[in-house]
Structures are given as structure tokens and as C-alpha cells.
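Chemist: Dropping the structure in here first, questions after.
Where a number appears in this text, it was derived from the coordinates with a stated rule and is not lab data. This structure is a prediction, so every number in the text was calculated from the model and none was measured. No Cβ is skipped: glycine too gets one built from the backbone with ideal geometry, and neighbour counts run over all protein chains shown.
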Amino acid sequence: MVGKYSLIETLSLDGELLRTMRGVSTLEVKVAQVFDLLRDPVYRYFLRRLANASEAEDLTQEVFLRLYSWLDKGRKVENIRAWVFRVAHNLVIDREALNTRFQSLDSNEWERVCETYPDLAPSAERRLLEQEQQGKFHLALKRLSPQERECLDLRAEGLSYREIAEVFDMRTHTLVSFLRRVVKKLFREIL
């Protein structure tokens, strides 16, 4: 059911983006409406990739400023969502070139919440098992190439295989095979 819902949600979003680009008269209003529709997924993408909320906010705004600039020059965009995420992808690459260190998620905050609200805290055995699984998962993610991680992030944001292929400038069937290998690689390392 989740897959069907995601597909319906994606088709609805694509239809809404298409109506926005066709129906509104001024470029400012069009870009503002696209911003309203895609701001949250783009922000979450940046937040996952960079683990920095203020950078994610700044880069999210940058994406839509670039969209406005691109359209203001009379250029066309066939697939708005894929174009937006391609720009986001390129901004992440630029930012990661500046910050070459990979930052993992901090679990200290969860531990503080559990200390404050002991009813939420899992048993010691459960915590140990979860830590072991998380450790394996984070290690497996670190072993992925930047392109492999980014493909997974874009898929998690709901982009279709075709849209992710556009972001990476590759054929769809090549991307599907690539992601299949990535998932198998993760499962081998986790299990």
C-alpha cells in the first residue's frame, strides 16, 4: 500500500506542478507556488545530506532563486521536480567539496530524552541490539560512495527512477540496476 500511495502522491504533485507552470500568469507567482510545493522535500534532502539546518535552509532558497533566474532568462524546464533536485544535487556536491568530513547523526539527544522521560526508554537489551543495528547500518552507509548515498536520498525524497536518472544524467534502466546493486550491498553488510 505504501508504494501505491507514494505513486499517487507523486502523480498528484507532478500534476500540480504542471498546472502551476501553465496556469499562473507571472513568473514570480509560478516560482512561489513551485517553492510552496517542493520546499519541504528539498529542505529534507539538504538536511539529510549536510546535517546542518541553517545550510539546508540557505541552499533550499538558493535552488528556487536559481529556478527563477533560469526561467527569467526564457529557458524552459521539462520536469520541474527533476530540475530542482538536479540543482540541489549540484549544490550538495559543491558544499561537500568544501566540507569533506562526513558527519553522523548524534544519538546523545535521544539519550537525554530517554533520561527525561524514562517511560520512553527501551530496555537495556533492546538498546544494545538497536545500537548494534544502527552501527552496522551507519557503517554500511559510510562504505557507500557519495553517488550511491545520494541516489538513496533522492529516492527517499520520492523522486522517481526517471527523475533520479535525469539528476545524474544517466539512462533509467542503468539507474535501476545501479540502485538494485546498492540495496544488495547494504543488505549484505547489515545482515
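Chemist: Between THR26 and ILE190, what FRET efficiency comes out of the Förster formula 1/(1 + (r/R0)^6) with R0 = 41 Å and r the beta carbon distance, rounded to 0.05?
Modeler: According to the calculation, E is roughly 0.25.
Chemist: Enumerate the calculated ³J(HN,Hα) couplings along the range 132-148 in order (Karplus 6.51 cos²θ - 1.76 cosθ + 1.60, θ = phi - 60°), each rounded to whole Hz, writing x wherever the residue is Gly or Pro.
Modeler: Couplings: 4, 5, 4, x, 4, 5, 5, 5, 5, 5, 5, 6, 6, 6, x, 5, 5 Hz.
Chemist: Two decimals is fine: what is log10 I(q)/I(0) at q = 0.16, 0.17, 0.23, 0.27 Å⁻¹ for the range 137-187, from a Debye sum with one equal scatterer on every Cα and no solvent?
Modeler: Rounded to two decimals, the profile gives -0.41, -0.46, -0.82, -1.07.
Chemist: Estimate the FRET efficiency between ALA140 and GLU62 by the formula 1/(1 + (r/R0)^6), using the beta-carbon distance for r and 41 Å for R0, to the nearest 0.05.
Modeler: The calculated FRET efficiency here is 0.85.
Chemist: Same structure again: Restricting to Cα atoms and excluding each atom paired with itself, what does the Kirkwood estimate give for the range 39-82 in Å?
Modeler: 11.1 Å
Chemist: What distance in nm lies between label points placed 7 Å from Cα along the C-beta direction at SER54 and ARG180?
Modeler: Result: 4.5 nm between the two label points.
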